[in-house]
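Asker: Quick one: the structure is below, questions incoming.
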Amino acid sequence: MQLVGVRGVAKVFANGVKALDGASLDIEAGEFLSVLGPSGCGKSTLLRLIAGLTPASAGTIEWPAGKPDLGFVFQEPTLMPWATALANVELPLKLGGVARSEREARAAEALDHVGLAGFERTWPRELSGGMKMRVSIARALVTRPKLLLMDEPFAALDEITRRRLNTDLLELWQRTRFTAVFVTHSVFESVFLSQRIAVMSTRPGRVLSELAIPAPYPRTEAFGTSAEYAALCRLASAQLSEAMAA
Amino acid sequence: MTARFIAPAVMGLLMLVLWEAIVRLAEIPPYVLPGPVAVARTLVADWGMLAPALGVTLTITLEALAAAVIVGVLLAVLFSLSRWVELSLFPYAIILQVTPIVAIAPLIIAWANDVDLSLLICAWLVAFFPILSNTILGLRSVDHNLLALFELYGAGRWKTLIYLRLPAALPYFLGGLRISGGLALIGAVVAEFVAGTGGNASGLAYRILEAGYQLRIPRMFAALVLISAAGIAIYLLLSLLSHLLLRRWHESAIGPEE
Ligand SMILES: Nc1ncnc2c1ncn2[C@@H]1O[C@H](COP(=O)(O)OP(=O)(O)O)[C@@H](O)[C@H]1O
Ligand SMILES: [Mg+2]
């Protein structure tokens with residue numbers, strides 16, 4: 001079942017920069033899709049358009065089954081420094097008018113799901129970069145959204161933390177089955193995580209090609225070192241080079 | 001940490017000793033320059049007259065500061081909610097700020113027809129701008145991704161204001177408040193000088209004027225000491241308030257050893 005249809009979308013900013021031109025993309029319900037493209041090609045803009053945070057200059061975004069609740073994870077954790085981890089995760093529920101006791105229970109559960117049980121009363125400044133990102137993911141998932149949009153969420157983290165978060169994110173996705181759209185500029189990350197990769201051209205961005213990653217889940221360390229993985233990375237890399245040359 | 005208190009204390013003590021020594025050795029008469037010992041004695045002897053004066057000045061200062069907080073924050077919020085209100089009003093706030101208070105104090109005193117009220121207005125005029133401009137800056141310094149998040153979850157202006165903009169503005173507001181605390185005192189004292197009123201409820205500035213006419217220089221110094229002490233106390237109290245409110249989360253309130 002199709003969840004989102006991006007149809008020939010263009011985005012021209014007030015300063016005249018054309019970030020997107022004729023971008024089209026179908027997103028299936030429940031899939032894990034990566035959007036891969038060079039930095040500055042309009043990936044963030046595309047994600048913001050899908051989220052409805054900014055209007056398209058041309059083209060449409062269709063929701064055949066209606067627009068569902070969605071969650072958004074930014075490249076930075078984007079936490080409120082004056083609020084504890086729990087209060088940060090509670091925020092979407094609070095804005096949605098959920099009663100306090102239910103709010104706290106659900107936020108604690110969401111923190112538990114990202115491996116942060118026991119950190120409810122911790123302040124953001126006391127958390128490591130990886131833990132802050134986990135809080136950010138918990139906040140995005142606390143409303144149990146059908147669609148989770150992630151904008152290079154792990155790009156600022158170190159390699160080891162990134163690997164753990166990748167594995168944990170996949171586990172969360174398998175357990176909860178939200179639709180995941182994961183923006184990245186890393187070929188390795190996109191191949192490891194997703195069922196399908198949409199490769200974008202340089203600015204003005206559009207989706208130039210797609211690549212299916214048929215490997216089964218759960219994907220572990222072993223998959224990350226397999227020959228199959230290496231071959232798929234080579235393929236994705238070639239498509240990315242093509243897209244950048246086009 | 002202790003060096004922060006000991007260093008200035010030792011320095012101050014040295015200066016006082018030096019001052020006293022110069023006054024004694026050069027035999028400077030007290031109506032030219034009283035030594036610290038003479039000032040302290042006068043402070044004790046005249047306490048019955050100086051304490052009420054301190055009370056009057058402090059009352060005006062604190063009332064003006066409270067009014068500055070209320071008006072400053074309300075205006076800042078109003079400006080942040082409406083670009084048009086800001087565009088049309090902010091220039092006048094700046095004009096009020098850059099006009100020297102001694103120049104408009106006589107006007108205010110003439111119009112207000114009430115000494116206390118005019119002093120309050122003068123002190124408020126001096127104090128409110130740092131709160132206004134800092135709070136505006138704070139309300140604007142919100143992480144734009146957090147703003148996007150609030151939009152995503154359908155929070156309107158009010159929820160965004162209460163849960164996002166106001167907390168984000170708090171450190172800026174407190175910085176402005178610390179400046180305004182001192183300015184309110186300065187405004188109150190300057191206005192008292194300009195008003196130069198007598199009457200039974202007169203503040204420290206009037207006591208200084210009066211002592212000047214009577215050539216009671218030690219009393220002038222004693223009143224001056226009280227004004228400085230009041231200013232320092234206000235600053236310390238506001239710093240403490242700021243620390244208490246921010247120590248959990250804001251970089252400015254977190255020591256390097258933590
Ligand atoms: N609000 C904006 N105003 C003007 N130009 C923008 C704005 N946001 C992004 N851009 C420009 O649009 C292009 C695409 O940006 P972005 O979507 O952030 O790319 P990516 O996420 O792929 O790195 C960039 O050249 C960027 O400078
Ligand atoms: Mg980006």
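Asker: Which residue out of A:115, A:129 is away from chain B (no Cβ under 13 Å), on the phi > 0 side of the Ramachandran plot and out of contact with any Phe, Trp or Tyr (no Cβ under 9 Å at 6 or more places or on another chain)?
Answerer: A:115
Asker: Let me ask something else. In the stretch A:41-51, which residues are closer than 13 Å to residue A:11 by Cα and either more than 9 Å from ligand 2 (Cβ to nearest atom) or more than 11 Å from chain B (Cβ to nearest Cβ) (or both)?
Answerer: Scanning the stretch A:41-51 gives A:41, A:42, A:43, A:45, A:46, A:48, A:49, A:50.
Asker: Being touching a residue at least 60 places away in the same chain (Cβ under 8 Å) and of a type outside the set (Lys, Arg) is the filter here; which residues of the stretch B:139-165 pass it?
Answerer: B:139, B:161
Asker: Of the conditions (1) within 16 Å of ligand 2 (Cβ to nearest atom); (2) surrounded by fewer than 16 Cβ atoms within 10 Å (Cβ to Cβ), residue A:58 clears all except one; give me its number.
Answerer: (1)
Asker: Also, quick follow-up: Spot the failing condition for residue A:97; the list is (1) buried (at least 18 other Cβ atoms within 10 Å of the Cβ); (2) within 14 Å of another protein chain (Cβ to nearest Cβ), and only one is missed.
Answerer: Checking residue A:97 against (1) buried (at least 18 other Cβ atoms within 10 Å of the Cβ); (2) within 14 Å of another protein chain (Cβ to nearest Cβ), the one that fails is (1).
Asker: Name, by its number, the condition in (1) of a type outside the set (D, E, K, R); (2) within 27 Å of residue B:234 (Cα to Cα); (3) more than 7 Å from every other protein chain (Cβ to nearest Cβ) that does not hold for residue B:167.
Answerer: The number of the failed condition is (3).
Asker: Looking only at residues that are in a loop (DSSP other than H, G, I, E, B) and more than 13 Å from ligand 1 (Cβ to nearest atom) in the stretch A:57-67, which one is nearest to residue A:6 (Cα to Cα)?
Answerer: Among those that are in a loop (DSSP other than H, G, I, E, B) and more than 13 Å from ligand 1 (Cβ to nearest atom), it is A:63.
Asker: Let me ask something else. Please state which of the following conditions residue A:34 fails to meet, knowing it meets all the rest: (1) among the hydroxyl-bearing types (Ser, Thr, Tyr); (2) within 14 Å of another protein chain (Cβ to nearest Cβ); (3) crowded, with 18+ Cβ neighbours inside 10 Å.
Answerer: Only one criterion in (1) among the hydroxyl-bearing types (Ser, Thr, Tyr); (2) within 14 Å of another protein chain (Cβ to nearest Cβ); (3) crowded, with 18+ Cβ neighbours inside 10 Å is unmet by residue A:34, namely (2).
Asker: Where residues in the stretch A:7-55 are β-branched (Val, Ile, Thr), assigned to a strand (DSSP E or B) and touching a residue at least 60 places away in the same chain (Cβ under 8 Å), which of them is nearest to residue A:232 (Cα to Cα)?
Answerer: A:35
Asker: Looking at the stretch A:133-157, which of its residues are charged (D, E, K, R) and either within 16 Å of ligand 2 (Cβ to nearest atom) or within 12 Å of chain B (Cβ to nearest Cβ) (or both)?
Answerer: Matches in the stretch A:133-157: A:139, A:151, A:152.
Residue by residue, here is whether (1) out of contact with any Asp or Glu (no Cβ under 8 Å at 6 or more places or on another chain); (2) away from ligand 1 (no atom under 16 Å from the Cβ); (3) modelled with pLDDT of 95 or more; (4) on the phi < 0 side of the Ramachandran plot holds:
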{"residue": "A:157", "(1), (2), (3), (4)": "yes, yes, no, yes"}
{"residue": "A:161", "(1), (2), (3), (4)": "yes, yes, no, yes"}
{"residue": "A:168", "(1), (2), (3), (4)": "yes, yes, no, yes"}
{"residue": "A:185", "(1), (2), (3), (4)": "no, no, no, yes"}
{"residue": "A:195", "(1), (2), (3), (4)": "no, yes, yes, yes"}
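Asker: Filter the stretch A:73-94 for residues that are more than 7 Å from chain B (Cβ to nearest Cβ) and touching a strand residue (DSSP E or B) at 6+ places or on another chain (Cβ under 9 Å); which is nearest to residue B:163 (Cα to Cα)?
Answerer: A:73
The values are calculated or read from the model by the stated rules, or taken from the named source; none is laboratory data. Everything quoted here is computed from the prediction, not taken from an experiment. Cβ coordinates were reconstructed from backbone atoms using ideal geometry, including for glycine residues, and neighbour counts include every protein chain displayed.
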